[in-house]
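Quick notes on the structure that follows.
The values are calculated or read from the model by the stated rules, or taken from the named source; none is laboratory data. Predicted, not measured: the structure shown is a model, and the values here were computed from it. For neighbour counting, all protein chains shown are included, and Cβ atoms are generated from backbone atoms with ideal geometry for every residue, glycine included.
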Amino acid sequence: MRSKNTQNNLPRVNKRRLLQTPRGMKDILPEDFLYYDYLLQTAKKTLEFYNFRRCEPPILEKADLYNKGIGSNTDIVEKEMYTLKTKEEGEFLALRPEYTAGIVRAYVENGMFNWPQPVKLYSFGPVFRHEKPQAGRYRQFYQLNIESLGDSSPALDAEIILAAKVFLENLGFNHNELEISINSIGCHKCRPIYIRALTKYYQQHLKDICTDCKKRLKTNPLRILDCKNAKCKNVKEKAPNFLDFLCDDCRNHFKNVLDILDSLGISYVLDKTLVRGLDYYTRTVFEIKKKDKAGDLALAGGGRYDYLVKLLGGLDRPAVGVAFGVERIVDELKLMKKKLEYPKPKVFLIQIGDAAKKQAFILLEKLRKANISVESNLEKDNIKSQIKNADRVGALYSLILGQQEVLDGMIIIKDMVSGLQETIPFDRIIDELKKHLKETI
């Protein structure tokens, strides 16, 4: 006797034996990729208006690129990079943990310093960090990067911020909910003076800071200001202000950036604790957050990296850029009820019998060449199941091709809304469909 509970009859999967994604990784399913594609197409439309052009470095780079470029004392290099050694050449490689170092390497290697400056590039793709997985944070995630290389003008800092803001607004974010935090972290001339003052201040408050900050005080003092530990909050808020230590060149540069933002009507918040987490940043640093009752959500962050090109073997070429966390933006778009769908087919082709199946292949290609979207189930012969599928996908018309229709050189066209149908010559189907679809629109 068969059980009434059909679920008991379904094949069971042994999860212990099932191959699954590694921890911290996820599959991007078709419905999710609609959002990734929407984000990329919006980026392309927005950024190419500002004359940025797409450039993609390889996912695998020499690990030394990130050791030099990002900084050997950063969390990314110390704890989070995925590395491997090739079997034949013995090369020590790394999956890219961020884009900028690879873009700078490409700028140097391909002689882009000989192009008209600045060279304005954008990139979109996966990056990898061995972080602790948590909601909205994965070990493989996507980034959108914008870079402007080869010029030190404050106008480029402002343009990057402007382009980033316009991109987010074009995605659907309300400009009133976006907040730009900005700071300057100086240059090689004035930064050491500030670091000495910062170190002295924190040495007086060792008992009030976390273990990580005590370590950073010895290895990378600026990173102390990036600490999110509640224990360190009061000490951080009273730390010396970087703006009080800027040299004349850095002070003038930052003033000019702010003046341009003011002239554009772009509001911002001066944040003396904003330093960013990578060693290559200089002068202007900024973040763009979405203000929310539940808390601020960082959507993008960037700044200047005026010494990175020279550090990686190139000429002395300053640069500025910004990176967006794609998954975080995708999650926000879903919360904002941004609904994206694949285009529904206008026509569903139903075929019954071997002769009709062969003729169906020919007709499918004719419809596609005529730019008429069509779907079919060539593996099925049952007319009822195919009509159900036509209803399911929301087709406006179904075409029915059986053995007799093939012999007569005819085909049935059925209106899926009214249920009316007519039989027409096979060679007139494209013209008839175009006429029907035009009337429907």
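Only one of the numbered conditions (1) surrounded by fewer than 19 Cβ atoms within 10 Å (Cβ to Cβ); (2) outside any helix (DSSP H, G or I); (3) under 41 Å from the mean Cα position of the chain (by Cα); (4) not basic (Lys, Arg) is not met by Ile424, and that is (3). Looking across the range 191-247 at every residue that is small (Gly, Ala, Ser) and more than 33 Å from the chain's Cα centre (by Cα), the one that is modelled with the highest pLDDT is identified as Ala197. Scanning the range 118-134 for residues that are buried (at least 16 other Cβ atoms within 10 Å of the Cβ) and either over 16 Å from Ala300 (Cα atoms) or hydroxyl-bearing (Ser, Thr, Tyr) (or both) yields Pro118, Val119, Lys120, Leu121, Tyr122, Ser123, Phe128, Arg129, His130, Glu131. For the range 331-355, a residue qualifies if it is within 22 Å of Asp415 (Cα to Cα) and of a type in the set (D, E, K, R), and the qualifying residues are Lys344, Lys346. Report yes if Ala101 is surrounded by 14 or more Cβ atoms within 10 Å (Cβ to Cβ) and either basic (Lys, Arg) or within 17 Å of Val320 (Cα to Cα) (or both), otherwise no. The answer is yes for Ala101.
Note on the range 231-324: enclosed helices (runs of 4 or more DSSP H) holding 1 or more residues that are in contact with a Gly (Cβ under 7 Å, 6 or more places away or on another chain), touching a residue at least 12 places away in the same chain (Cβ under 8 Å) and not aliphatic (A, V, I, L, M) are 248-263. Gly186 passes every criterion in (1) buried (at least 20 other Cβ atoms within 10 Å of the Cβ); (2) assigned to a helix (DSSP H, G or I); (3) at pLDDT below 95; (4) not hydroxyl-bearing (Ser, Thr, Tyr) apart from (2). So which residues in the range 135-180 are among the hydrophobic types (A, V, I, L, M, F, W, C), buried (at least 20 other Cβ atoms within 10 Å of the Cβ) and in a helix (DSSP H, G or I)? Answer for the range 135-180, where residues must be among the hydrophobic types (A, V, I, L, M, F, W, C), buried (at least 20 other Cβ atoms within 10 Å of the Cβ) and in a helix (DSSP H, G or I): Leu156, Ala158, Ile160, Ile161, Ala163, Ala164, Phe167, Leu168, Leu171.
Restricting the search to the range 45-65, which residues are of a type in the set (Lys, Arg) and in contact with a strand residue (DSSP E or B) (Cβ under 7 Å, 6 or more places away or on another chain)?
Residues satisfying the conditions are Arg53, Arg54, Lys62.
Within the range 394-408, track down each residue that is surrounded by 15 or more Cβ atoms within 10 Å (Cβ to Cβ) and not polar (S, T, N, Q).
Ala395, Leu396, Tyr397, Leu399, Ile400, Leu401, Gly402, Glu405, Val406
Restricting to the range 45-59, name every residue that is without any contact (Cβ under 8 Å) to a residue 60 or more places away in the chain and either of a type outside the set (Phe, Trp, Tyr) or surrounded by 13 or more Cβ atoms within 10 Å (Cβ to Cβ) (or both). Result: Glu48, Pro58. Report whether or not Ala390 is surrounded by 18 or more Cβ atoms within 10 Å (Cβ to Cβ) and in a loop (DSSP other than H, G, I, E, B). The answer is no for Ala390.
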